[in-house]
Amino acid sequence: MRTLFEQHDSAGDRAKDFFTKHKVAVAAAGVLLALGIAAYFGYDRFAYAQQPDPDFHAQVAQSAYTAEHPKVLFDAGHINFHTADGNYKPFADLIRNDGYLVVPNKHKFTPESLRGYRVW
């Protein structure tokens, strides 16, 4: 007859059995955890490492569009950091100075939201 301590497997034996029986699930959970951590920290490093040139002068000698102003719709609807007010500000300022009308879109693109814009 086994003693009380011998009747039950140790926590280490139970863990070993679990990992042995569920190798694929444990590996998948590890991969998902690693990807989640990398995505979280990687996005922060990537998003904040890119900064527009604050000294860029978006002057245009002669605007191409003085009478009519073609509209440019910037996607700003899903937490992008590339926006007309953010990292694309120098470009947005340049095309504004060339006569374009820069419009940020903070909503989902739909046929109605794109009405009045030429989509290529």
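The values are calculated or read from the model by the stated rules, or taken from the named source; none is laboratory data. For clarity, every value in this text was computed on a predicted model and none was experimentally measured. Here Cβ is always computed from backbone atoms with ideal geometry, including for glycine, and neighbour counts include all displayed protein chains.
Some points to look at:
- Selection status of ALA58, at pLDDT 80 or above, outside any helix (DSSP H, G or I), under 30 Å from ASN80 (Cα atoms) and in the same structural domain as ALA84 (by TED's automatic domain parsing): yes
- Taken over the range 67-83, the residue count meeting the criterion of being modelled with pLDDT of 90 or more and either among the charged types (D, E, K, R) or under 17 Å from the mean Cα position of the chain (by Cα) (or both) is 2.
- Whenever a residue of the range 67-86 is within 17 Å of TYR100 (Cβ to Cβ), its partners that are loosely packed, with under 13 Cβ neighbours inside 10 Å and charged (D, E, K, R), lying with C-beta atoms within less than 8 angstrom and at least six residues away or across chains, give the pairs PRO70/ARG118; ALA76/ASP85; ALA76/LYS106.
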